[in-house]
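Remarks on the structure that follows.
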Amino acid sequence: MKYKCVIPFFVDRYESEERDDEPTEQMEIEKDSIWERRDNPSDYDVMLDNVEDGDWLGIPAERFKDCFELCGQED
């Protein structure tokens, strides 16, 4: 399923999906960016892939609930 970011925020960027390495920089998750949710979340509560540039994002479930909405859904 695809989700739209409704509240922008910053996260640490890592080279791999494991959190063993140090973050390389900060990445902005922009308002209105579109992300597809992965079925298998790995070490994160929620894993998302940016549909435009292929970046991936692992976040806690609470941040996902606060910052994303299902594409095509309005409050």
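Output the residues belonging to region 42-65 that are open to solvent by 80 Å² or more (accessible area, probe 1.4 Å) and more than 19 Å from Gln26 (Cα to Cα). Walk me through how you get there before you give the answer.
The first filter runs over region 42-65 and keeps only residues open to solvent by 80 Å² or more (accessible area, probe 1.4 Å), leaving 43, 45, 52-53, 62-63, 65.
Listed by number, the residues that qualify are Asp43, Asp45, Glu62, Lys65.
Which of the residues belonging to region 22-50 are within 11 Å of the chain's Cα centre (by Cα), within 15 Å of Cys5 (Cα to Cα), assigned to a loop (DSSP other than H, G, I, E, B) and of a type outside the set (Asp, Glu)?
Result: Ser33, single match.
The values are calculated or read from the model by the stated rules, or taken from the named source; none is laboratory data. Computed from a prediction, not measured in an experiment: that's the story for all the values here. What goes into the accessible areas is simple: the full protein's heavy atoms, side chains included, and nothing from ligands, DNA or RNA. Shrake-Rupley method; radii C 1.70, N 1.55, O 1.52, S 1.80 Å.
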